[in-house]
1. Of all residues in the stretch 29-52, count the ones that are farther than 15 Å from PHE66 by Cβ and loosely packed, with under 11 Cβ neighbours inside 10 Å.
2. Out of the residues in the stretch 99-118 that are of a type in the set (A, V, I, L, M) and not in a helix (DSSP H, G or I), which is farthest from VAL73 (Cα to Cα)?
3. Filter the stretch 155-167 down to the residues that are modelled with pLDDT of 75 or more and surrounded by 12 or more Cβ atoms within 10 Å (Cβ to Cβ) and list them by number.
4. Quick test of your reading of the structure: CYS93 fulfils all but one of (1) in contact (Cβ under 8 Å) with a residue 12 or more places away in the chain; (2) over 26 Å from LYS130 (Cβ atoms). Name the failing condition by number.
5. I'm checking my understanding of the structure. Among residues of the stretch 69-100 that are under 15 Å from the mean Cα position of the chain (by Cα) and of a type in the set (Gly, Ala, Ser), which one is surrounded by the most Cβ atoms within 10 Å (Cβ to Cβ)?
6. If I go through the stretch 19-28 residue by residue, how many of them are loosely packed, with under 12 Cβ neighbours inside 10 Å and out of contact with any helix residue (DSSP H, G or I) (no Cβ under 9 Å at 6 or more places or on another chain)?
7. For the stretch 28-59, which residues satisfy the criterion of being under 15 Å from the mean Cα position of the chain (by Cα) and either at pLDDT 90 or above or within 24 Å of PRO87 (Cα to Cα) (or both)?
Amino acid sequence: MKCLQVSGNERSVEDFVSGMIENLEPIPLFILRKYHGGIVLERPGVEDPAATLLSMPPAIVVAAGFTSLAAPVVWCASDPPPPEVEPLVIRHCTGKILPGDYHGIFHRTFDLLPQKSRGECGRCGMDCRKLAAAVLAGLKDPGDCFYAPGGNVEVIQDGRKLALGGFPAQMLEGTLRGLLSTFKGFSRSSPVTIRMTAEKPEKDRP
């Protein structure tokens with residue numbers, strides 16, 4: 001799901017978040033907030049937002065008061081953002097925002113990248129925050145992340161979609177398409193469903 005960080009002046013942050021809720025409706029939106037040393041999740045009009053995460057996943061999570069994630073930032077303050085935040089800023093709000101601007105901001109966001117340092121992963125050649133900044137600068141694509149969701153392939157087991165990063169998804173898709181292309185009657189223009197039975201326990205194998 002998309003993620004947008006909103007930080008700066010507390011009152012301005014709340015005004016921006018309210019504008020997002022009002023102007024993006026009916027796009028499903030969650031709000032993430034820091035509260036008494038912890039984090040709370042809110043969904044406008046829903047009493048138990050956590051219970052709806054799987055049944056009605058949001059299109060975007062707005063992280064109010066955050067700047068530490070590998071995600072775009074809207075900075076709501078007259079002062080400039082800190083140097084470590086500035087590369088992620090897609091909008092510096094110092095005045096009124098037009099209704100249409102909220103949709104523009106929504107479309108500039110992308111799926112939340114993993115929060116990994118270059119030492120923990122680095123398959124793209126940088127840490128996740130630098131990759132997010134490179135995406136916003138037009139130098140990289142979110143799909144360059146090894147863990148980015150694969151758009152054309154999904155793996156479901158027991159009704160649950162398994163996490164599939166961009167690179168593994170590309171490898172799986174390439175292998176399957178290459179194999180299926182040898183089958184008589186296969187068409188690249190139609191979706192494909194493949195079912196695999198559970199593996200037998202080793203003691204039951206011949």
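The values are calculated or read from the model by the stated rules, or taken from the named source; none is laboratory data. Here the structure is a predicted model, which means the values were calculated and not measured. We place every Cβ from the backbone using ideal geometry, glycine too, and count neighbours over all the protein chains shown.
1. Residues flagged as farther than 15 Å from PHE66 by Cβ and loosely packed, with under 11 Cβ neighbours inside 10 Å within the stretch 29-52 amount to 4.
2. Step one: list which residues in the stretch 99-118 are of a type in the set (A, V, I, L, M), which gives 105, 112-113.
With not in a helix (DSSP H, G or I) added as a condition, the list becomes 112-113.
Working: LEU112: 12, LEU113: 14 Å.
Once the filter is applied, the top-ranked residue is LEU113.
3. To start, the set of residues in the stretch 155-167 that are modelled with pLDDT of 75 or more comprises 155-160.
Across the stretch 155-167, the qualifying residue is only VAL155.
4. (2)
5. ALA71
6. Our first condition is that a residue be loosely packed, with under 12 Cβ neighbours inside 10 Å; within the stretch 19-28, this holds for 22, 25-26.
With out of contact with any helix residue (DSSP H, G or I) (no Cβ under 9 Å at 6 or more places or on another chain) added as a condition, the list becomes 25-26.
Of the residues in that region, 2 qualify.
7. LEU29, PHE30, ILE31, LEU32, ALA59
This table checks each residue for (1) within 17 Å of MET1 (Cα to Cα); (2) touching a helix residue (DSSP H, G or I) at 6+ places or on another chain (Cβ under 8 Å).
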{"position": "PHE30", "(1), (2)": "yes, yes"}
{"position": "ALA71", "(1), (2)": "yes, yes"}
{"position": "VAL74", "(1), (2)": "no, yes"}
{"position": "GLU84", "(1), (2)": "no, no"}
{"position": "LEU88", "(1), (2)": "no, yes"}
{"position": "GLY104", "(1), (2)": "yes, no"}
{"position": "LEU113", "(1), (2)": "yes, yes"}
{"position": "GLY138", "(1), (2)": "no, no"}
